[in-house]
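Novice: Let me begin by handing over the structure; questions about it come next.
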Amino acid sequence: MMSPTRDMLKGTIQIGATFWGGEKPGKRGRGAEGKALILIAVEHSESKPGRVRLLKIPDTTGETLISAINSLVTPGSVIETDGYRGLQQAQ
């Protein structure tokens, strides 16, 4: 379900990226063909996950990630990541 208002996330936000798509032969992980790269942003509400945003992105360069995060997250929010270098550039 999707909220019609689609407010930006705020507060403490965990950011990560993953590939979406079924198992296919060929290269695995980053650079896998035929799969969509998805940025995931999860807002924390006390000790549990809150609202979630998913966004299809073309790559994980710092420029792309900064633009995507700016479209999903309110300025001044705290961003937590898994330490991926592209996400560190976006902070």
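Novice: Which strands (runs of 3 or more DSSP E) sit wholly inside segment 1-89 and have at least 1 residues that are at pLDDT below 80 and not aromatic (Phe, Trp, Tyr)?
Specialist: Qualifying strands (runs of 3 or more DSSP E): 36-45.
Novice: Which one is nearest to residue 7 (Cα to Cα), of the residues in segment 55-66 that are loosely packed, with under 14 Cβ neighbours inside 10 Å and not β-branched (Val, Ile, Thr)?
Specialist: 56
The values are calculated or read from the model by the stated rules, or taken from the named source; none is laboratory data. As the structure is a prediction and not an experimental result, all values here were calculated from the model. In this analysis, Cβ positions are derived from the backbone assuming ideal geometry, glycine residues included, and neighbour counts consider all displayed protein chains.
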